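The values are calculated or read from the model by the stated rules, or taken from the named source; none is laboratory data. Predicted model, so just to flag it, every value in this text is computed and none were measured. Neighbour counts run over all protein chains shown; Cβ positions are idealised from the backbone, glycine included. Please note that ligands, DNA and RNA were not included when accessible areas were found on the heavy atoms of the full protein model with its side chains. Shrake-Rupley method; radii C 1.70, N 1.55, O 1.52, S 1.80 Å.
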Amino acid sequence: MVTNVTSFGRSGLYDWMIQRVTAVVLLAYTLFIVGFLLLNPDVDFQQWQALFANTAMRIFTLLLVLSFAAHAWIGLWCVTTDYIPMTGLRFLVQAVTGLMTFVYVAWAIHIIWGV
Amino acid sequence: MLVSVYRYNPEADDAPYMQDIHIDIPGGKDIMVLDLLQLLKDKDPSLGYRRSCREGVCGSDGMNMNGKNGLACITPLSAVVKKDKLVLRPLPGLPVIRDLVIDMAQFYAQYEKIKPYLINDQPAPAIERLQSPEQRAELDGLYECILCACCSTACPSFWWNPDKFIGPSGLLQAYRFLADSRDTAQAERLADLDDPFSVFRCHGIMNCVSVCPKGLNPTKAIGKIRNMLLQRAT
């Protein structure tokens, strides 16, 4: 058993599961948005705003943002633990990544409910 | 033909270098790479490499031949030589002791971690623990591993974290004991593997499968371990 306190869920299985579930959410949202744009090739501001004013769409978008944050954290944590062997530098990069992820999530919530 | 061999003697050389040697194969025969190494050693007795059984059983002469890991003794020149040139390097990712000889301590440390022996807490029967032919068949494709390290040293996840990721060879062996009907320590074995490094550093690129000289499939075994972990946790 290798212990590590910086991974998303401590357990490898948990990280693996979260990575897969969030990937499905990212795919579903991408397909939805691409489908919406294909069905409305001449989409205007009113239609776009109406779409995001819908509570269901806001919940879906929040789910996307949270999934994206978890997915990105697990992926980038893997990259940093592979390629940055120096513990101090690795922890710093991970801390910056975590802070940026939090800022993006908070900012995205502000945008979603600001439409 | 031209053979380019990785040379490094830490007592004499500041840094490793490639030694180019032109050599004629007697009779132009399609000999094994190990036979070629013997010809090179006849020319230059200071060349170091490991070998023993010369028939793909002992796993001593794993090396990197024209960029691909394999056993020198069962790899004919026709399978690896390109444009009449052969580049021989030690297995990548582990410390070099000398020339083509690597220090496999990290590889063995990972093997030791998975407890590569049967654990059974029940009283021993009078003669032996029996298995049905079906239970025995579960071990096929697993027990044949000869620990040559060709797979683990072809794995980038093992290169970056050789102290934390068990590696394809160790995980194939881990599944060999998880799948054994006579073993009673399945829960403890799985609990030891459920961290972000031991198993889950495998991203399924299958370098291990493409280089295994015994034709085994560590990626499949790792998938089975993951499914067992998943079964246990959901």
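When you go through B:35, B:14 one by one, which is the residue that is open to solvent by 10 Å² or more (accessible area, probe 1.4 Å), without any contact (Cβ under 8 Å) to a residue 40 or more places away in the chain, part of a helix (DSSP H, G or I) and of a type outside the set (S, T, N, Q)?
Every option except B:35 fails the conditions.
Could you grab me the full set of residues in region A:72-90 that are open to solvent by 30 Å² or more (accessible area, probe 1.4 Å), part of a helix (DSSP H, G or I) and within 14 Å of another protein chain (Cβ to nearest Cβ)?
Matches in region A:72-90: A:73, A:76, A:79, A:83, A:87, A:90.
Would region A:32-41 turn up any residue that is touching a residue at least 12 places away in the same chain (Cβ under 8 Å) and part of a helix (DSSP H, G or I)?
yes
Could you grab me the full set of residues in region A:22-71 that are of a type in the set (S, T, N, Q), open to solvent by 60 Å² or more (accessible area, probe 1.4 Å) and under 16 Å from the mean Cα position of the chain (by Cα)?
A:30
State which residue pairs qualify: first residue in contact (Cβ under 8 Å) with a residue 40 or more places away in the chain and inside region B:112-128, second residue open to solvent by 100 Å² or more (accessible area, probe 1.4 Å) in any location, beta carbons under 7 Å apart, and separation of 6 or more residues or different chains.
none
Could you please let me know if residue A:19 is within 21 Å of residue A:110 (Cβ to Cβ) and either of a type in the set (S, T, N, Q) or open to solvent by 40 Å² or more (accessible area, probe 1.4 Å) (or both)?
No.
So, in region B:190-208, how many residues would count as being more than 8 Å from chain A (Cβ to nearest Cβ), touching a residue at least 24 places away in the same chain (Cβ under 8 Å) and among the hydrophobic types (A, V, I, L, M, F, W, C)?
Here the count works out to 4.
Taking the stated definitions as given, is residue B:163 closer than 26 Å to residue A:83 by Cβ, in contact with a Leu (Cβ under 6 Å, 6 or more places away or on another chain) and within 14 Å of chain A (Cβ to nearest Cβ)?
Considered against the rule, which asks whether it is closer than 26 Å to residue A:83 by Cβ, in contact with a Leu (Cβ under 6 Å, 6 or more places away or on another chain) and within 14 Å of chain A (Cβ to nearest Cβ), residue B:163 comes out as no.
Among residues belonging to region B:142-200 that are at positive phi and assigned to a loop (DSSP other than H, G, I, E, B), point out the one that is most open to solvent (accessible area, probe 1.4 Å).
The extreme case among them is B:147.
If I ask for residues that are open to solvent by 50 Å² or more (accessible area, probe 1.4 Å) and among the aromatic types (Phe, Trp, Tyr), which ones from region B:103-128 would you list?
Hits for region B:103-128 are B:108, B:111, B:117.
Which of the following residues is over 13 Å from the mean Cα position of the chain (by Cα) and either modelled with pLDDT under 95 or of a type in the set (Gly, Ala, Ser) (or both): B:74, B:127?
Only one candidate qualifies: B:127.
Out of curiosity, is residue B:96 closer than 28 Å to residue B:14 by Cα, at pLDDT 95 or above and open to solvent by 30 Å² or more (accessible area, probe 1.4 Å)?
Taking the combined requirement at face value, the residue satisfies it.
Do you know which of the residues in region A:1-16 that are more than 7 Å from chain B (Cβ to nearest Cβ) and either touching a residue at least 40 places away in the same chain (Cβ under 8 Å) or assigned to a helix (DSSP H, G or I) (or both) is least open to solvent (accessible area, probe 1.4 Å)?
Top of the filtered list is A:6.
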